[in-house]
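**Q** This is the structure, below, for whatever I ask next.
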């Protein structure tokens, strides 16, 4: 998609991709308010002048996100079952404002008790503030919580440092192995995750 945009703008596709990447952090911490503003920043850096419709570029980006949504098997049912069993479920994500289009299209948004999106609270994983904010919204103590993630950005170590039990999801990490020094639990699908959380919760509250 960025190659198509670059062709429309008569600029080098690699430079556009590099500038997109270089604005990721600012976008993820709310320093850039939306996708249109992000493209405006990028075009200014690239020296693109003239009447460019950044709104159209933003829509192309959002359309690309929607086209690439791939939900794992049993994803919605996993969230539904957790909440039926009495668990509160939160979404914690490093993301830009563009994620709203993907979340709305995914159909999963209604299954979360809270959303902690980095661009809204101006903190990204592994910053402990993002975990503390989620715990506060869920009215949950760290020792009662489980954090499922693929381990990118040091998110599992950070969750553990906050007192949260980390669980690595290998369906999102290509099945890579954890370091041998880690004692984190791993799950390869949503059903396994639900069963493990039940097992861990029973053990925690029976002690």
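The values are calculated or read from the model by the stated rules, or taken from the named source; none is laboratory data. Being a predicted model, the structure only gives us computed values, none of them experimental. Please note: Cβ atoms are built from the backbone with ideal geometry, for glycine as well, and neighbour counts cover all protein chains shown.
**Q** Within segment 70-94, track down each residue that is touching a helix residue (DSSP H, G or I) at 6+ places or on another chain (Cβ under 6 Å) and in a loop (DSSP other than H, G, I, E, B).
**A** Matches in segment 70-94: 72, 74, 88, 89, 94.
**Q** Which condition breaks for residue 58 when tested against (1) in contact (Cβ under 8 Å) with a residue 12 or more places away in the chain; (2) more than 26 Å from residue 127 (Cβ to Cβ); (3) surrounded by fewer than 17 Cβ atoms within 10 Å (Cβ to Cβ); (4) outside the structural domain of residue 132 (by TED's automatic domain parsing)?
**A** Answer for residue 58: the failing condition is (3).
**Q** Out of (1) at pLDDT below 85; (2) surrounded by 14 or more Cβ atoms within 10 Å (Cβ to Cβ); (3) over 21 Å from residue 78 (Cα atoms), what's the single condition that is false for residue 200?
**A** Among (1) at pLDDT below 85; (2) surrounded by 14 or more Cβ atoms within 10 Å (Cβ to Cβ); (3) over 21 Å from residue 78 (Cα atoms), residue 200 violates only (3).
**Q** Okay, moving on. If you scan segment 116-140, which residues turn out to be within 13 Å of the chain's Cα centre (by Cα), assigned to a loop (DSSP other than H, G, I, E, B) and surrounded by fewer than 17 Cβ atoms within 10 Å (Cβ to Cβ)?
**A** none
**Q** Right, next: Mind listing whichever residues of segment 149-158 are surrounded by 18 or more Cβ atoms within 10 Å (Cβ to Cβ) and out of contact with any helix residue (DSSP H, G or I) (no Cβ under 6 Å at 6 or more places or on another chain)?
**A** 151, 155, 156, 158
One line per residue, one yes/no per condition, for (1) at pLDDT 95 or above; (2) surrounded by 15 or more Cβ atoms within 10 Å (Cβ to Cβ); (3) out of contact with any strand residue (DSSP E or B) (no Cβ under 9 Å at 6 or more places or on another chain); (4) not assigned by TED's automatic domain parsing to the domain that holds residue 93:
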{"site": "11", "(1), (2), (3), (4)": "no, yes, yes, yes"}
{"site": "40", "(1), (2), (3), (4)": "yes, yes, yes, yes"}
{"site": "49", "(1), (2), (3), (4)": "no, no, yes, yes"}
{"site": "81", "(1), (2), (3), (4)": "no, yes, yes, no"}
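**Q** A follow-up question, please. Checking the condition closer than 27 Å to residue 137 by Cβ, in the same structural domain as residue 191 (by TED's automatic domain parsing) and out of contact with any strand residue (DSSP E or B) (no Cβ under 9 Å at 6 or more places or on another chain), which residue from 86, 31 passes?
**A** 86
**Q** Examine segment 160-169 for a residue that is surrounded by 18 or more Cβ atoms within 10 Å (Cβ to Cβ), in a helix (DSSP H, G or I) and modelled with pLDDT under 95, and state whether such a residue exists.
**A** no
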